[in-house]
Amino acid sequence: MEEVIKTSILIIILFLIPLLALSQESINAAGASAKTAEGSISFSLGQIGYNSAYSESGSINMGVQQAYQVTTVSVDDEWATDISLFPNPAIDRIYINTDPASAPGMRYQLFDMQGNLLKSGRLEDAVTPVSLGSLAAATYFIRITDTNRKSKTFQIIKNK
């Protein structure tokens, strides 16, 4: 009887060890690494869960992979400014990235799925942070309007 218990425990342990060894593996959708005199970075795209850290000099999203989805909902035919949002999905904030010369005079408006205006502001720099911390986890729309009243709308996802 004692030998059967020992054999059973050994079999269970042999099955659990491989599961523990795979706990940090993932299938990456994309990724790369870069090295400069200041440091190096490696990244991968596709993970739905991650942690974020912020400081006055920048932010970082940490995880095995980073989730990335940008959906442009609408854009005026004459829109000429290159603009992007990141990260998407987001937890606490998103960043609007645009040409520094185009940013002054541009505005953003954040809407919920019902079309209610939740937040608005001006793009002051090449990268403008927009806080999402007080919002519930949901899908939102952000509309960027330039000085000629042309607009581009993005769908963003706010995680918990």
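When each of the peptides 131-141, 150-160 is scored by how many other beta carbons lie within 10 Å of its residues on average, the order from highest to lowest is 150-160, 131-141. Bridgeable lysines around K158 (alpha carbons under 17 Å apart, same-chain partners fewer than 8 residues away excluded): K119. Each Lys and Arg contributes +1 and each Asp and Glu -1, all at the Cβ; summed about the Cα centre of the range 69-160, the dipole is approximately 360 debye. Cβ-Cβ distance of S84 and N148, R₀ of 30 Å, FRET efficiency by 1/(1 + (r/R0)^6): the value works out to about 0.95. Using the Cβ-Cβ distance between M113 and A32 with R0 set to 25 Å, the FRET efficiency from 1/(1 + (r/R0)^6) comes to roughly 0.15.
Near N159, once Lys and Arg are set to +1 and Asp and Glu to -1 for all other residues with Cβ below 14 Å from its Cβ, the sum equals +2.
Taken together, the values in this text are just the output of simple stated rules run on the coordinates, not laboratory data. Bear in mind the structure is a predicted one, so any value in this text is a computation, not a measurement. Note that each Cβ is placed from the backbone with ideal geometry, even for glycine, and that neighbours are counted across all protein chains shown.
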